[in-house]
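Written out below as structure tokens is the structure these notes cover.
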Protein chains: 2
Amino acid sequence: MSSSTTTKTTPPNQLFLGTFIHPTSQQDELEYLHNTAVFVEGASGKIVAVEKDVDRTRTVDEVLVRLGWSAAETKIFDAAAAASHHHHDGKEKRHNGGGVRFFFPGFVDTHIHASQYPNAGIFGKSTLLDWLNTYTFPLEASLGQDLAKAKKVYGRCVRRTLAHGTTCAAYFATRDVAATNLLTDVCLAAGQRALVGRVCMDERKLCPEWYCDESAGESVQRTREVVEHARAVDPAGEWVRPIVTPRFAPSCTAAAMQGLSDLAKEEALAVQTHISENTGECELVAELFPQETAGGRGYAGVYDAFGLLGDKTILAHAVHLSEQEAKLVAERGAGVSHCPCSNTAITSGAAKVRWLLDHGVNVGLGTDVSGGYSPSVLEAARQASLVSRHVAMGLEGEEKERTKLTVEEVLWLATRGGARLVGLEGIVGGFEVGMEWDAQLVGLGGVEGEDDEDHDAGNVDIFGWESWDNIVAKWLFGGDDRNTTKVWVKGRLVHERA
Amino acid sequence: MSSSTTTKTTPPNQLFLGTFIHPTSQQDELEYLHNTAVFVEGASGKIVAVEKDVDRTRTVDEVLVRLGWSAAETKIFDAAAAASHHHHDGKEKRHNGGGVRFFFPGFVDTHIHASQYPNAGIFGKSTLLDWLNTYTFPLEASLGQDLAKAKKVYGRCVRRTLAHGTTCAAYFATRDVAATNLLTDVCLAAGQRALVGRVCMDERKLCPEWYCDESAGESVQRTREVVEHARAVDPAGEWVRPIVTPRFAPSCTAAAMQGLSDLAKEEALAVQTHISENTGECELVAELFPQETAGGRGYAGVYDAFGLLGDKTILAHAVHLSEQEAKLVAERGAGVSHCPCSNTAITSGAAKVRWLLDHGVNVGLGTDVSGGYSPSVLEAARQASLVSRHVAMGLEGEEKERTKLTVEEVLWLATRGGARLVGLEGIVGGFEVGMEWDAQLVGLGGVEGEDDEDHDAGNVDIFGWESWDNIVAKWLFGGDDRNTTKVWVKGRLVHERA
């Protein structure tokens, strides 16, 4: 595993050749573009041409002329050539039994606590509220007290998520300003797109004394400080953007939520928080905010009351939303980050993703490290498929069948679905002219390959007789970071495997 | 990935030094043996001494003398020395931030269809009965028609399962005798313990014409042939044993089940089949066997009526057993292979493992490739934990808490639980004197290590401040075959990572 980037230097114009697979605007569809050329402009990182069924010497040259690009100064990356055992004859599109390579859009992780990364996999028998006190708050607090530790944790987290193909992540950091700014810096240096939030929590009834904002004013003021830092290091927010982050309603006073809402509007910032993860939490919110939750407005009503529910809002979990709440969330244009690994691990419940989509709610995927045990969005997509089957088990007939999320749908959620939540709809998540080159090169090993001894191609075995949709299914259910061989953000190579 | 072995040559006496973690006879307990020496006799592959808190120069020498072993001819394997960045001071027991290594018992996979291995991850939106016809039967049938294909598929399957730490597997092969015998040979050559079953299916109403035994007589006769082959190549059944394998009640006639039952008794063979995977299947069985299922005897009653339900029987799935059936299964001493990946993937249901255990049923884990998407028992253990949480979501209070399987319990199921099902109770699954050395060396990377660039230590990051139970949890939830660095069966090294 290695990563390097320069977000400040301009890469050359680039031409990518090979098979491109991406979700289309249709949620249940993948498009397979074989023998295709994608032209990425260096200065903007944007895709400026997509040519299907190319003839390398004729079509490619024509496009270069049309774009006014010098062939000599264009960097060519041929996925087929990169696969040592790949046999490319233009018709078969892949080598029989010798592995496959294809480009896929980078993943968007719409909910991850970078500060909790060292605890991934550790949750015991706990559920949400005791998990926070036992595992989470002590670790988060420690990062503010020890910036060297924070650097180690954030550095490792960002390297790992890049290695898993996460080209954009919406991060929760900690209460600490310096540690949060450090995370911003780490993302920028690594070339990962990120929304970075300083976690606000000022409700003394819920937060431990040793990990709590002094006042609503402090919650807002400290958030201003991280906004300023992020804007100083990346003024246009091309790579890193600050995001207003009230932890969740039970840990915030009304004054803090109102203040943060005002700040978000004033500075045109996105907002992220948690909602309706656990039934105990929902009851607590009803107790703490009787007025805002009344009349069936529920948990969502609390955020709405303080103006925190808008089309730039990411709500993590949404496991137990009522019909009325789902309609409100959809109406406000807020997005839900579905976190299947976490919801199952800490026994929060099984989110009804089909039902949310049917209600017009925007949905993306979140790893929710460390409630979730894995920093991999591919794992989150796999578990989204599996959790939808658990939801289906309680249903009958056609409704049961519809409830299952398909391979295509969970990969859509992992890319385009997430892109919408983080404000990058139409910018990342697919291979279309005008979109930016946030991509991963996926390589799957073939059983005929002789590379086993010196190169670990991962667990997916391609026998050569699989259809392309079978290949993608095998990647989804058997793949891991070994199959993500290269990762680009805005045209920059930010990760490649040795 | 590489594997090599000689089941026919005798390894030297061996001494393993390091940390040993293993499930005890208590289902919910792991024992942590630090700074320990385990002495394995070459000829028998048996553990002849376990010495805790050893002093290398004194204790070890004393034990060698006691055993009458020549120090010069004893091969010493020191896990600490094998970990390049491991720092061992006898008290701390592990290096701060530099990764850890420990021995763990090999995994037992109590249910896996080797013939379906190429389809791992491919199941679409299907459920059991259409999945069989669409994906499974055509692939299985093809292996009998093409032994070169069978060799490729079985060879890869056995290499992969060994690489995932599976030291013993109960395999379903296909209907074909030659292909089934090939699987027996492949396991023997690779040094994996295996129970290998020729799949019997003679019910023409359910089986496709092109993949069906001619008669009950053929089912029995062909099974006899694979029994003879297995006994010819491994007379004592030390490594490979034949197992009587009626596919499942709907695909077998009463005559075939009775004939197979008689054969099993006559030859003292184990039996494996499927039970109560899917509600549609349960209804079908009630229709096909009205007499045997009557009076609440249910699906289990069918196998019992034909004498197939005994203490050497492995029943895969058991998702929808009634109380009466669970009691019958427990009474007969039959075991249940819990296959969480498969049950979720093809939406069969969520097996109630705590409830089965409460009823005194023996339970192990099965990957159930390719209903299950992964050949890894570690993944099955992880999913067993997660599925138990889905079962818990439907419950309240203390019952809800009890229903969740702990880290310790799912690792017990993956080792000792499975050992009991395959007739190896007290022989494999733990590190006790008298047990055989079926083990894996687990290595987890440390964030301080400098080995990232040239060695892929997998996804688990050890920061150095974790407790040992946290380390095991991180392995369970984030580990993969990269962390299984060496695998032994009966004292023979059968897999190691390059």
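Any read-out appearing in this document is the output of simple, stated calculations on the displayed coordinates, not a laboratory observation. Not measured: the values here are computed from a predicted model. Note: ideal-geometry Cβ built from the backbone for every residue, glycine included; neighbour counts use all protein chains shown.
Results, tabulated for the structure shown:
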quantity	calculated
Likely footprinting exposure, B:ASP461, B:ASP55, fewest C-beta neighbours within 10 Å first	B:ASP55, B:ASP461
Built amide H within the under 5 Å cut-off of B:LEU365, gap 5+	B:THR110, B:HIS338, B:GLY418
Pair A:ARG58, A:ARG402: separation of 7 Å Cα→Cβ label points (nm)	4.8
Inter-copy separations for A:LEU129, label at 7 Å along Cα-Cβ, nm, ascending	4.7
Filter on A:LYS352/B:LYS352; A:LYS486/B:LYS152; B:LYS312/B:LYS400; B:LYS265/B:LYS352; A:LYS327/A:LYS404 - keep pairs with C-alpha separation over 24 Å	A:LYS486/B:LYS152; B:LYS312/B:LYS400; B:LYS265/B:LYS352
Peptide A:116-126 - average C-beta neighbours from other chains (10 Å radius)	6
Packing-based exposure ordering (other Cβ within 10 Å, fewest first) of A:ILE462, B:ILE21	B:ILE21, A:ILE462
Student exercise, the stretch A:376-429 dipole from Lys, Arg, Asp, Glu Cβ charges, in Debye to nearest 20	140
Whole-number D in µm²/s for the protein assembly as shown (Stokes-Einstein; Kirkwood sum over Cα pairs; 37 °C, 0.692 mPa s)	112
Packing-based exposure ordering (other Cβ within 10 Å, fewest first) of A:LYS125, A:LYS75	A:LYS75, A:LYS125
Nearest-20 debye value, the stretch B:298-410 charge dipole, Cβ charges on Lys, Arg, Asp, Glu	180
Computed over the stretch A:95-157, Cα set: Rg, Dmax in Å	17.7, 56
Exam field: B:ALA294 pseudo-label spacings to other copies (7 Å along Cα-Cβ), nanometres	6.5
Length gained when the stretch A:ASP130-A:ARG204 is fully extended (0.36 nm per residue, less Cα-Cα span)	25.0 nm
At q = 0.12, 0.18 Å⁻¹, base-10 log of I(q)/I(0) for the stretch A:196-318 (Debye sum, equal scatterers on each alpha carbon)	-0.42, -0.90
³J(HN,Hα) computed for each position of the stretch A:130-136 - Karplus, 6.51 cos²θ - 1.76 cosθ + 1.60, integer Hz, glycine/proline x	7, 4, 4, 6, 7, 9, 8
Label-point gap, in nm, between A:ALA498 and A:ALA148 - each point 7 angstrom along Cα→Cβ	2.6
Shortest-first nm distances, A:ASP469 label point to equivalent points in other copies (7 Å, Cα→Cβ)	4.7
Estimated FRET transfer efficiency when R0 is 51 angstrom, pair B:GLU218-A:TYR32 (beta carbons, to 0.05)	0.70
Lone cysteines, chain B (no partner Cβ under 4.7 Å)	B:CYS157, B:CYS168, B:CYS187, B:CYS200, B:CYS252, B:CYS282, B:CYS339, B:CYS341
Two-decimal Rg/Rh across the stretch B:329-450, once Rg and the Kirkwood Rh are taken from alpha-carbon atoms	1.01
Residue of chain A nearest the A-to-B rotation axis [by Cβ], rounded angstrom distance	A:HIS390, 2
Proportion of all alpha-carbon pairs of chain B beyond 31 Å (%)	42
Size of electric dipole in chain A: Cβ of Lys, Arg +1 and of Asp, Glu -1, about Cα centre, debye, nearest 20	680
FRET E, pair A:VAL233, A:ALA43, Förster distance 22 Å, beta-carbon r, rounded to 0.05	0.60
